[in-house]
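Throughout, read-outs are computed from the coordinates displayed, never taken from laboratory work. Note that the coordinates shown come from a computational prediction; the quantities given were computed from them, not determined experimentally. Cβ: placed from backbone, ideal geometry, glycine included. Neighbour counts: every protein chain shown.
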Amino acid sequence: MDGREGRRRGDVNLDIGSLMVILLSTAITFGLFSILTGVDNPFFAWAENIYVGGAVGMTIVVSFTWIVSNLIQKIVSNPSANWPLIISFILGLMMLLRVHPKYSYLARIPISIATGVGVAVSTRAIIFSGLLYQIRATILPIFDWRDPATAFTNLMIVVFVITILTFFVYTTELKGPLKVSSGIGRLALFASFGALFAQTYMGRLGLFLGRMETLLIPETNFKISVIVALFMLITIIVLKNYYPETLKKLVP
């Protein structure tokens, strides 16, 4: 029996720590899925709080670790060479004063600096990546048929860019060739939006299937998933039908 077949049949020795991790992750997953029952239940509230709290906690730990390793250690090792980091550190501490009523006005200084720098950098990026580079990428050779596939692709890009632009012409009545071009552009937009939606859907479906495989394979995970799902479902049904007041108290 190879390792994969053994894993599928549940021939896995789990210690108590691994078992608790599997049980907790399974409970969080089905707790979040419990909102699909259409009932505000304590399992969803608990799983939501655990998920958000864990994400916030991990963000704080990662941010603190990055500050210590990339900021404080460099400042302590060579303060004179890393004086820009000292200024950044002071501005970051000033931003935390936002929560203090008396000194909250000091937080406006780093916020204004961050906003101004961010707008300046993003404006330049938008001009180049969102305008100039897009125009450059659209100006393609369409009569070089030494590579028919590339030439056909370039031709489609040019045609669809022009027709989609005509779809957004609102200053004149669409007649004749302009109306035909606008119709082609409309169909091209439908196709592109459909492709984007399908790509997003397939990505989310892949995540869902991967999580389902983790819950159902090996056999130990499958048994835990069935027990947890049945327990939550039966509890929600009982609370909704027989103890509605208790259900309201359990849901924040």
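Just a few scattered comments:
- Two-decimal log10 I(q)/I(0) for region 112-153, as the Debye equation yields it once each C-alpha is a single scatterer, q = 0.19, 0.20, 0.31 Å⁻¹: -0.65, -0.67, -0.93
- Applied to region 69-80, the Karplus parametrisation 6.51 cos²θ - 1.76 cosθ + 1.60 on θ = phi - 60° returns per-residue 3J(HN,Hα) values of 7, 9, 10, 5, 4, 5, 5, 5, 5, 8, x, 5 Hz, with x for Gly and Pro.
- In region 146-216, the convex hull through the Cα atoms has an average projected area of 7.6 nm², a quarter of its surface area.
- With at most 15 other Cβ atoms within 10 Å, longest stretch of the chain clear of loop chymotrypsin sites (Phe, Trp or Tyr not before Pro) (DSSP): 1-102
- Based on Cα atoms of region 87-208, Rg over Rh with Rh as the Kirkwood radius reads 1.23.
- Given charges at Cβ of Lys, Arg, Asp, Glu: the chain dipole, positive-most of W66, Y105, T37: Y105
- Rg/Rh ratio calculated on Cα atoms of the chain (Kirkwood radius): 1.12
- R0 of 35 Å, Cβ-Cβ distance N78-I127: FRET efficiency to nearest 0.05: 0.40
- With Cα atoms defining each centre, region 94-142 and region 148-197 are spaced 32 Å apart in the structure.
- The chain, dipole about Cα centre (Lys/Arg Cβ +1, Asp/Glu Cβ -1), debye to the nearest 20: 640 debye
- Taking only the Cα atoms of region 201-248, the ratio Rg/Rh comes out at 1.20, with Rh defined as the Kirkwood radius.
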